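Written out below as C-alpha cells is the structure these notes cover.
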Amino acid sequence: MSEAIPQSPPRVRATAKWPGLTVLAVVLLVLPFLAGNDYHYDLMIKIALTAGVAVGLNLLVGYAGQISLGHAAFYAAGAYGSALLVSHYEITPVPAMLLAAVGVAVLAWLVGRPILHLKGHYLSMATLGLGVIAAIVINNEDQLTGGPDGLTVAPLSVFGHELSVFGSYQLFGLTISGTQVWYGIAAGFLFLSVVFALNLIDSPLGRALRALHGSEIAAQVAGVDTAKFKLRVFVISAVYASLAGSLYGYYGGFITPNIASFTHSIELITIVVLGGMASTYGVILGAVILLLIPQFLTGFQELEMVLFGAILMAVMIFMPRGLVPTLARRFQKEAP
Amino acid sequence: MAGSGTPLLDLKGIRTGYGRIEALHGLDVAIHPGETVALVGANGAGKSTLLKVISGLQPLTAGTVTFDGEDLNRRKAADRVHRGIIQVPEGRQVFAGLSVEDNLMLGAFSRRRDKDVADNLEAMYQRFPILKEKRRLHAGNLSGGQQQMLAMGRALMAKPRLLLLDEPSMGLAPLIIEEIFGIITELKREGITIFVVEQNASEALAIADRGYVLETGDIVATGSGETLLNDDSVKAAYLGG
Amino acid sequence: MFSEFFQFTFSGVTLGAIYALVALGFTLIYNASHVINFAQGEFLMIGGMGTVVLMDAGVPIYFAIPLAIAMSGVAGILLHRLAIAPAKNADVVTLIIITIGASIFLRGLAQVFWGKEYHALPNFSATESINLGGAILLTQSLWILGIAAVLVTALGLFFTRTALGKALLATSMNKDAASLMGIKTGAILMMAFGISAVIGAAAGVIVAPITLTSYDIGIMLGLKGFIAAAIGGLGSSTGAILGGLLLGLAEAYTAGYISSDYKDAVPFVIILAILFFLPNGLLGSRAVERV
Amino acid sequence: ADTIRIGSFLSVTGPASFLGDPELKTLELYIDKINSSGGVLGKKLELIHYDDAGDASKARTFANRLLRQDRVDLIVGGSTTGATMAAVPLIQQAGVPFISLAGAETITTPVKKWVFKTPQSDRQAARRILMDMKERGFTKIGLISGTGGFGASGRNVTKEEAPNFGIEIVADETYNPKDTDTTAQLTRIRNTDGVQAILNFDFGQGPAIVTRNYAQLGIEQPFYQSHGVASDSFLELAGDAAEGLRLPASALLVADKLPKSDPQYDVLNRYKNDYESRYNESVSTFGAYAYDGLQLAVQALMKAGSTDKAKVRDALESIDGAVGVTGTYRMSPEDHMGLDAESFRILEVKDGDWALAE
Amino acid sequence: MTALLSVDNLGKEFGGVHAVEDLSFQVEKGRIHSIIGPNGAGKTTLFNLITGLYQPTSGSVHLNGRSLAGHQPHELAPLGMCRTFQNLQICMNMTALENVMLGRHRHLKQGTFTSLFKLPALRRADQQCREECAELMEFVGCGQYIRHHASAMPYGALKRLEIARALAASPDILLLDEPAAGLNRTETDALREVIRKIADRGITVVLVEHDMKLVMSISDQVLVLCYGRKLAEGTPEEIRANPDVIDAYLGNRHSREEATA
Ligand SMILES: Nc1ncnc2c1ncn2[C@@H]1O[C@H](COP(=O)(O)OP(=O)(O)OP(=O)(O)O)[C@@H](O)[C@H]1O
Ligand SMILES: Nc1ncnc2c1ncn2[C@@H]1O[C@H](COP(=O)(O)OP(=O)(O)OP(=O)(O)O)[C@@H](O)[C@H]1O
Ligand SMILES: [Mg+2]
Ligand SMILES: [Mg+2]
C-alpha cells in the first residue's frame, strides 16, 4: 500500500497466439486422414463453415455482449446474394461472393444503426425481427429467390473451371476429389476466420469491444464511441456470416429459405454459448458438437428430439460457461 | 462485558477461497451475546469474505459456523436470516428497480406476518427522514449515501439478533456517520449483538467492546477496542499518521 | 365497410388475446430471473395436448382440463428443479439455452408419447359465434379475453401488492441481496416456473378450440408470445396484454387492408418502430442504473 | 451386396409429419411383407431411413449421407417439394434412381434424368378442380393459399391454369402455414364482388383452420380444397365445418364405395386393409404415395434384373400401366410421373364422410 | 489564472426534484478543487452533467472555453476530461490491467483492418501501452493485482483501479467521485499522496469526498453543495469556519476535530 516495496514494473506481455493456431492447423490437416468416406468430408465442410460463422458471431455475442437472434439473415443474404449475382448478372462466383459480402456489410450497417442502441433482450428481439423479415422476403419474392422451394446455385468456379463435389482433380500430381478440394476451402476459411478473430480480440479495438460487455459507461468515459464500436462488430460478424453463407451455397448447390430461419439463428447462438462465450476455440468445438449430435442420433428415430434436447440441457447445466472455458478451468484447478 | 459463557456466534477453523486462491486461512472468531465487535484490516484482507461466510453466501472449505448453539453449516443464507443473522452488505446492494419503501418492506420479509411491521417502517422513516421523502423513488435513483442509509434501514427492519455491518459509514456525510455510530450505540444498548467491519477504524474500535485485526486471511491481533487503538502496529497500519 | 373493419378487429383481438396469454407466462419467469423461457410454448402444448390425450382416454373434459394444467405445473417445477436450479451461477444466456434444450426435449417427448397429429378441442360454449354488426365474433374469443383479463389482474396485484411478488422481483435484481433478506430464492424461482407453467397450460387449453393443438404448437405461439412480451415491455403484465393485442391487431389489419403476403413482416416492422422510439417497450421499466 | 439398399428421407416429424409419418409406416410395412415373401431378385430389401423433419437443408444432408455413406441402390422419399428439390441436384450428380413422394410439378418438369415421382402434380390437381368449377358454371373465384412450398406452388399453377378454363381469380389471399386465424383474409374474399366459389390450396392443419373460419363466417359460396387435405384426420379437425366442400383425391378415401369393377378396386382395398390392420389408424392418401413409389421401385428392379442404377432407371422410365393406389402409372422419357388429371376423383364431404361427387 | 472548467447556472431536475439548481463555479487550471455536501446534495449528479451522462435542464458547462452542451460522454476523453465513479464502473470480464489499458483507448489505433491484420506497429504500441499501464497501477497502489482478473479484486483496490484507468487517458482534468470510500486512514493517506502527485503533474483535480481530513488537507478550493445549490465556496479554512456548513454538513464534533487535526 503506502509503503509499497519499490519494484521494477513487472514484465507484462500479451498471451501468445501461435500455440492455439498451430493446434488448429494440425487438426485441420489431420482430419482428412480420418475421413472414411465422402459423407464424412461433407460433414466436416459444413462444420467448418458453420464454425466460421460462429467465430464471427462470437465477436458480437461473446466479446461485445450484444445478442443477435437474427444472424441467419446475414448468412442467407450471403448465400442468396452471391447465387443471384452469379445467375442474374453473370458475375463469376468469387467476385460475386465478395460483392455479396460488401452488400451485407452495407445492409448490416444500415439496420444496425437504429437497433444497436437497444439493450439486452430488446436487442435480441429486434434482431429476431430483422431475421424474420429477411426470411419472409426470401419466401415471398419467389420470382427471384425461388420462394419456399429453394434456389439452385451454380457451382464455384475459378477461371472458368467448375468445382464439382463429384469431380476429381489433378493437383501437384495428386488426384484429389472435388469433395477434398472443398474441404480445403472450408478449412482454409475457418482457419482465416480464427486468425482474424484472434487478431481483433487482442487489439485495442477488441479491448474496447469487451469493455462494452463489461461496462458500457466505463467504455464511454474512456472515450469509446460505444455506438460506433457496436456497429462495427455487428458489421464484421455479418460479413463472416455472409462469406460462409456464400460458400455454403456454392458447395451445396441448393439453398432454401430455411437457412434464414429463426431456428437457424437459434442454432448459431446455441453454438456460441455451448462452446463458450468469448472463447474462439470453444465455439469451434460448439459447432462440431451441435452438428455431430444429430448424426449420432439418427439411429434413435423417434427419440432423436428427446435425446438432443436432453444432451443440450445436460451440457449447459454441467458446463454453464460452455465447453472450453469450463474444461480449461477444471484443468487449471487440477494442475498443481 | 460478556467475555465468557457460550458465544452467540462461534467460528472455528474457517477456511474458504475463490477458485484456487484461499482468502481465509482457518480463522477462529467468537462473539458473545450483546457484544459489539469490530473487524479491521486492509483492502483485500478478507473482511467481506468473512461476513459472507457468516451469512452463508460464501461456501466453506473447512471449519464450522455455530450460532446460538446450532451448527449452521448446512443452513442456506435465507434460513440464517430467519434465525436473526442480518447483514448490511458491502456496496449497499439495494434493489435498484424497486421503490425505497418496497426495499424497506423486503427488509422485514423474514417477519412479514408480524403486526408491527408498519410501525417499524414509520420509525425507520423518522430515523432517516430523507427515505420518507424519497419513498416512492426507485432505490437505484438514490444518491450513494442515501442508498447506504436505505441498506442500513432495510437491515434494521428485520429486527436482527446478530447484525453484520460491512462498512456502514461508507459514502456518508460526516453528520450521518455520527448518526450511524449513534444508531450502533443505541442498538448495542438494546442488547443486539453487532459485528462491524469499518475502515473508519478509530471510530469503530472506540465504540466496540472488542476488535479483531485481519491481515491477508489471518487474524493477527485481537483484544479490547482500547488496547487495539493504542497498539502501535495497528496504529501504523490502519489509523494513519 | 364497417363490418369488414369489425371483422378484422375481432380477428385481431382474438389473436392478440392468445399472444397475450402466452406473453404473461414469459413475464412471470422474466421477473423472477430475467430469463426468457423458450420452453413457455411447450407449457401451452402440454395443456392442450394433455387435455386431448386425457379425453381420448375417457376422462371427461371437466377433469381432463385441470389435470392437464396440473401436469404442466409439475413439468414447470421439474424444469426448474432438474434444469434451472442445478445450473446455479450460470448467466442468463446459458439459462436461455437450457430452456431451448428443454423445449426440444418436451416437444420430443410429446411427439413420442402423444403422437404427431393435430387435434381439435370443442368450444367451451355451445354457441360458436355471435354476429355483431355484420361481423362474426367467436364465443371462444370472449373466453380467452375474459381469462386473460382475470390473469393479468391477478398477476398485476401479485407483483404490486404482495410481499411474495416483491420478493420475486428482488430475486431477479440481486439474488445474493435477496437471500440476505431471508428470501428463499430457489423456492421463489420454482414457484415462478410452476405458476408460469400453469398459466401457459391454461392458455393452451382455452386457445386449442381456435388454434387446434399438436405437439409442435408451442413453437410458433411461444415465439409470438415472446414478441408480445417484448413489445409490451418485458416484465410488465399489463404490457404483455397490450403487446399481445397490438401484435394481433397488426397482423389482422395487415392481412385485411394491406397484403396478406407481407402480413407476417408488418408486425415486425411495427415492433422495430416501437422499440426505436421506446427502447424498453410500451410499459417496460427503464433500467435503473446510476453511476 | 447381399441386400438391396433402399434409401429414404421423409418428414416424419415437423410440420409435414402428416405426410412423412404414414409414408414411413407404409414403407416399413411393405418392405417387411416383401422380405417375408422372399425379397426381390433373391435379395432382401433393406430400408435406410432418415427423418428430415420437414427441413429442406436437412433433407439435403441426409440425401448426401444416403448417397455417399450408405451408398444406397435407389431412393424412395422426399415428403415435401422443398425436401425433394434440395436433394435433387446431389442425386442427379450421383446418378441414383430417385422416386419422390412430393407434389410440385417442378420435380419432374422439366424431366430430370434420375428423378421420378408418384403423386399427381399440383397442376393436375388445379386442373381437376378448375374443371369441376367450370362444369358447375363458376367463372369468378377467390383463392386462399398457404405460403409454404405446397401452397405457394399450388397458388402459382392455379393462377396459370385458371384462364384455360375461362375462370378469373378475383381475390388472391395467403396465410402463413402456422397461422391460427384466417378470418381477415376470408373476409376480404367474401367482400370481393362476384366471387362464386373459394379454393383453399394448402396442406397440413392450415386448411382445417381455413375451413373452420369459413364456416364461422357463414360464407355461402361453395368451398374447394386441394388434394393436400385428403385424409380422415382433416375431417376430424375441420368437423362440421367441412360439410359440403369438394376436393380432388385418389379413390382411396372412398375405396369401399367404389364399384367392384373399378380397375383400382383390389389395390385400394388391399392397401387399406393392410395398413389399417397393422397400425390401427386410418389410411391416408399420402401413405399411398409411398406404396406406389415402393411398388414402382420393385417392378423396375425386377424388370432390370439387377440393381445396376442405369438399368433400374431405364426400367422405371419404361413402366407402362402399373396400377397403383394413386392411379395407373404410364412413364415415358417425357413424363416421369405417369398420371393424368383424370386419376383424381372429385370427392365431397357428406355427413362427415367422404363421398364421390356426382 | 484562467478557468479550465466553468459551470454556469447549471440545473438538473428529476420529475420535480431539483438535484442541481442554478449552480455556477469555476475550476482553475492545476488546482485541486473539492466539492462537498450532504448526501443527496447533487455532487454525483453534477459530475454526470459535466461528463455528458445527463443532459442539463438549464445552464451550461465550458471546458477550456468550449461549451460541452450536447456532447456525448465518449467525446470528453479526447477533450482531456476523465472521471471515476462512486458506484464502480469496472469491466468485470477483463483483467485489471486490461481495464487500465482501456483508459488509453484514445491514444491507440483502432482501425478495423489494422486490427484484423494486427500490423506490427499496432503490436508494438499495444505492448508499450501495457507496460505504461502496469506502471500506473503501481502508481495508484494496486500493483499487486496486475495479473488479477478484475472480478477477483477487493473493493478498495477497484477504486484505485478506476483512478489508474482515468489517468491512463492522460487527462488535463480528472474528476474523482469519493475515491477514499472504503479505504482506511493509512490507505487514505497514501491516496492523498497519489492525488498530490497527480496535481503536481499539472492535472486539474475535481474531488468529491466525504473524508474531511483528506479534503481539508489537499484542496486549494472547496465548494459546498446543499440541496443542489451552492452553500459556500472558499479555502478549506474558510469552509471549516463557516457556520452554515457546520450546520448542514460537518456537524459540531467534526469541525472541532478537523480544526485540531
Ligand atoms: N469474487 C472473487 N473472486 C476471486 N477472488 C476474490 C473475489 N472476491 C474477493 N476475492 C479475493 O479475496 C480476498 C479478500 O477479499 P475481501 O473482499 O474479503 O476483502 P476486504 O477485506 O473486504 O477488502 P475491502 O476493504 O477492499 O472491502 C482478496 O484478495 C480478493 O482479491
Ligand atoms: N433519476 C433520478 N430520479 C429522481 N431523483 C434523482 C435521480 N437521480 C438523482 N436523484 C436525486 O437527486 C439528488 C442528488 O443525488 P446525487 O447522487 O447527485 O447526490 P450526491 O451529492 O452525490 O450524494 P452522495 O454524497 O450521497 O453520493 C438525490 O436526492 C437523488 O435522490
Ligand atoms: Mg470488503
Ligand atoms: Mg454521490
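The values are calculated or read from the model by the stated rules, or taken from the named source; none is laboratory data. Bear in mind the structure is a predicted one, so any value in this text is a computation, not a measurement. Cβ atoms come from the backbone with ideal geometry, glycine included; neighbour counts cover every protein chain shown. With ligands, DNA and RNA removed, areas are computed over all heavy atoms of the protein, side chains included. Shrake-Rupley method; radii C 1.70, N 1.55, O 1.52, S 1.80 Å.
A single member of E:GLY228, E:GLY202 is farther than 22 Å from E:ILE90 by Cβ, within 16 Å of ligand 2 (Cβ to nearest atom) and either more than 10 Å from chain B (Cβ to nearest Cβ) or touching a residue at least 12 places away in the same chain (Cβ under 8 Å) (or both), and it is E:GLY228. Looking only at residues in the stretch E:188-211 that are farther than 20 Å from A:ALA222 by Cα and buried (at least 24 other Cβ atoms within 10 Å of the Cβ), which one is nearest to the chain's Cα centre (by Cα)? So the residue we want is E:GLU209. Looking only at the stretch D:1-38, residues that are hydrophobic (A, V, I, L, M, F, W, C), open to solvent by 30 Å² or more (accessible area, probe 1.4 Å) and within 12 Å of chain C (Cβ to nearest Cβ) come to 1 in all. Per this entry, E:ALA157 is counted among residues that are within 16 Å of ligand 1 (Cβ to nearest atom) and more than 26 Å from A:ALA197 (Cα to Cα).
Looking at the stretch B:154-169, can you tell me whether even one residue there is more than 23 Å from B:VAL53 (Cα to Cα), more than 16 Å from ligand 1 (Cβ to nearest atom) and assigned to a helix (DSSP H, G or I)? For the stretch B:154-169, residues more than 23 Å from B:VAL53 (Cα to Cα), more than 16 Å from ligand 1 (Cβ to nearest atom) and assigned to a helix (DSSP H, G or I): absent. If we scan the stretch E:134-142, do we find a residue that is without any contact (Cβ under 8 Å) to a residue 40 or more places away in the chain, more than 13 Å from chain B (Cβ to nearest Cβ) and open to solvent by less than 10 Å² (accessible area, probe 1.4 Å)? Yes: the stretch E:134-142 contains one or more residues that are without any contact (Cβ under 8 Å) to a residue 40 or more places away in the chain, more than 13 Å from chain B (Cβ to nearest Cβ) and open to solvent by less than 10 Å² (accessible area, probe 1.4 Å).
Restricted to the stretch E:30-54, and to residues there that are under 30 Å from B:PHE128 (Cα atoms) and assigned to a loop (DSSP other than H, G, I, E, B), the residue that is nearest to ligand 1 (Cβ to nearest atom) is E:ASN39. The criterion of at least 1 residues that are touching a strand residue (DSSP E or B) at 6+ places or on another chain (Cβ under 9 Å) and buried (at least 22 other Cβ atoms within 10 Å of the Cβ) is met, among helices (runs of 4 or more DSSP H) falling completely within the stretch A:222-336, by A:226-252, A:304-318.
Filtering the stretch A:162-206 to residues that are over 16 Å from the mean Cα position of the chain (by Cα) and of a type in the set (A, V, I, L, M, F, W, C) leaves A:LEU163, A:VAL165, A:PHE166, A:LEU171, A:PHE172, A:LEU174, A:ILE176, A:VAL181, A:TRP182, A:LEU205. Within the stretch D:270-289, being within 19 Å of the chain's Cα centre (by Cα) and among the basic types (Lys, Arg) holds for one residue alone: D:LYS272. One residue stands out among those in the stretch B:218-230 that are in contact with a Lys or Arg (Cβ under 9 Å, 6 or more places away or on another chain) and not in a helix (DSSP H, G or I): the one that is nearest to E:GLN144 (Cα to Cα), which is B:THR222.
Has the stretch B:179-187 got any residue that is outside any helix (DSSP H, G or I), away from ligand 1 (no atom under 16 Å from the Cβ), over 15 Å from B:PRO129 (Cβ atoms) and not polar (S, T, N, Q)? No. Identify the residue in the stretch D:177-207 that is polar (S, T, N, Q) and over 19 Å from C:PHE10 (Cα atoms) and, among all such residues, is least open to solvent (accessible area, probe 1.4 Å). Ranking the candidates gives D:ASN200 first. Residues in the stretch E:20-41 that are under 18 Å from B:GLY171 (Cα atoms) and open to solvent by 10 Å² or more (accessible area, probe 1.4 Å): E:PRO38, E:ASN39, E:GLY40. Have a look at C:SER285, C:SER259 and point out the one that is within 14 Å of chain B (Cβ to nearest Cβ), open to solvent by 30 Å² or more (accessible area, probe 1.4 Å) and over 14 Å from the mean Cα position of the chain (by Cα). Among C:SER285, C:SER259, only C:SER285 is within 14 Å of chain B (Cβ to nearest Cβ), open to solvent by 30 Å² or more (accessible area, probe 1.4 Å) and over 14 Å from the mean Cα position of the chain (by Cα). The residue that is nearest to B:LEU51 (Cα to Cα), among those in the stretch B:186-206 that are away from chain E (no Cβ under 14 Å) and in contact with a strand residue (DSSP E or B) (Cβ under 9 Å, 6 or more places away or on another chain), is B:PHE195.
Restricting attention to the stretch A:130-168 and to residues that are in contact with a Pro (Cβ under 7 Å, 6 or more places away or on another chain) and among the β-branched types (Val, Ile, Thr), the residue that is farthest from A:LEU110 (Cα to Cα) turns out to be A:THR152. Residue pairs, Cβ under 8 Å, 6 or more apart or interchain, first in the stretch E:92-110 and more than 7 Å from chain A (Cβ to nearest Cβ), second among the charged types (D, E, K, R) and not in a helix (DSSP H, G or I). List them. Hits for this filter: E:THR95/E:ARG147; E:ALA96/E:ARG147. Can you find a residue that is free of Cβ contacts under 8 Å to residues at least 40 places away in the same chain and not charged (D, E, K, R) anywhere in the stretch B:152-166? No: zero hits.
Taking the conditions (1) within 16 Å of ligand 3 (Cβ to nearest atom); (2) open to solvent by less than 20 Å² (accessible area, probe 1.4 Å); (3) modelled with pLDDT under 95; (4) not hydroxyl-bearing (Ser, Thr, Tyr) in turn, B:MET124 satisfies each one other than (1).
Here is a yes/no grid of residues against (1) under 21 Å from D:ALA300 (Cβ atoms); (2) in contact (Cβ under 8 Å) with a residue 40 or more places away in the chain; (3) open to solvent by 20 Å² or more (accessible area, probe 1.4 Å):
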| residue | (1), (2), (3) |
| --- | --- |
| D:LYS44 | yes, yes, yes |
| D:VAL76 | yes, yes, no |
| D:ALA83 | no, yes, no |
| D:VAL96 | yes, yes, no |
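The test for being more than 16 Å from ligand 3 (Cβ to nearest atom) and either farther than 30 Å from E:LYS109 by Cα or assigned to a loop (DSSP other than H, G, I, E, B) (or both) holds for E:ARG147.
Residue by residue, here is whether (1) away from chain E (no Cβ under 14 Å); (2) without any contact (Cβ under 8 Å) to a residue 40 or more places away in the chain; (3) surrounded by fewer than 19 Cβ atoms within 10 Å (Cβ to Cβ) holds:
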| position | (1), (2), (3) |
| --- | --- |
| B:VAL81 | yes, no, no |
| B:ILE86 | yes, no, no |
| B:ARG92 | no, no, no |
| B:SER99 | no, no, yes |
| B:LEU106 | yes, no, no |
| B:ASP114 | yes, yes, yes |
| B:LYS132 | no, yes, yes |
| B:LEU150 | no, no, no |
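Which of (1) crowded, with 23+ Cβ neighbours inside 10 Å; (2) within 16 Å of ligand 4 (Cβ to nearest atom); (3) modelled with pLDDT of 90 or more does E:ARG165 not meet, given it meets every other one? The failed condition is (2). Only one of the numbered conditions (1) assigned to a helix (DSSP H, G or I); (2) closer than 30 Å to D:LEU47 by Cα is not met by D:SER282, and that is (1).
At least 1 residues being under 23 Å from the mean Cα position of the chain (by Cα) and aliphatic (A, V, I, L, M) is the threshold, and among the helices (runs of 4 or more DSSP H) wholly inside the stretch D:154-255 those reaching it are D:206-216, D:232-238. Only one entry of C:ILE241, C:ILE258, C:ILE227 meets the criterion of being free of Cβ contacts under 8 Å to residues at least 40 places away in the same chain and β-branched (Val, Ile, Thr), and that entry is C:ILE258.
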